[in-house]
Amino acid sequence: MKKVAVAGSLVFLGILFLVGVRVWTQKQPVTPSTVPAKGNILTSELSITSPAFANETAIPAVFTCDGENISPPIAISGVPAGAQSLVLIMDDPDAPDGTFTHWILMDIPPQTRMIAKGTVPEGAVEGVTSFDRPGYRGPCPPSGLHRYFFTLFALDRKLGFNNQTTRGALEQAMQGHVLGQTYFYGRYNRR
């Protein structure tokens, strides 16, 4: 009788441990994908914000699949000296099948300080997203609250890619050329 009770207790504790590990790993903070910085040190005051919503707040529906599905305005400051181009990646790390890329902008001119809503700066190129095509596709989570990271990179070179460039090819080309990076994020939950 005692052996059965001990075995049952051990099974219960084992299950409790596995559930605890699963919950703990799901609750760990997720940050945007990163590309190693040049020299491993970011010394820039590079900053990215949106006049449409504050960091860590709700993304207005107009920028989602429930609205006009247009890109939000993006404000950029603190671009480091020597930057030849900027890259912007918007992704959702809370997607059911892993990080989902919603927008890629490459070769943004380094003097750009504002990207108006629904536009692409002159000279910039949109890359292929997780939707298998270039262009912005706004938040449209299947369920629950999702976070959408806007990560900005300052590069010491212009990439010269076209609109068929994938995120993998972009990240490989960025290796060793990042002068600075920063991010902000918004949240969205479909109703």
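Every number here is computed from the coordinates shown, using simple stated rules; none is lab data. The model shown is predicted, which means the values in this text are computed figures rather than measured ones. Neighbour counts run over all protein chains shown; Cβ positions are idealised from the backbone, glycine included.
Overview of results
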{"quantity": "Under-5 Å amide H pairs with R157, H placed in peptide plane, nonlocal only", "calculated": "Q84, S85"}
{"quantity": "Förster-model FRET efficiency, 35 Å R0, R187 and Q164, C-beta, rounded to 0.05", "calculated": "0.65"}
{"quantity": "Quarter of Cα convex hull surface for region 33-188, i.e. mean projection, nm²", "calculated": "8.3"}
{"quantity": "Ordering of 82-89, 138-145 by burial proxy (mean other Cβ atoms within 10 Å per residue, highest first)", "calculated": "82-89, 138-145"}
{"quantity": "Amide H within-cut-off set for W103, under 5 Å, with H built and near neighbours excluded", "calculated": "M90"}
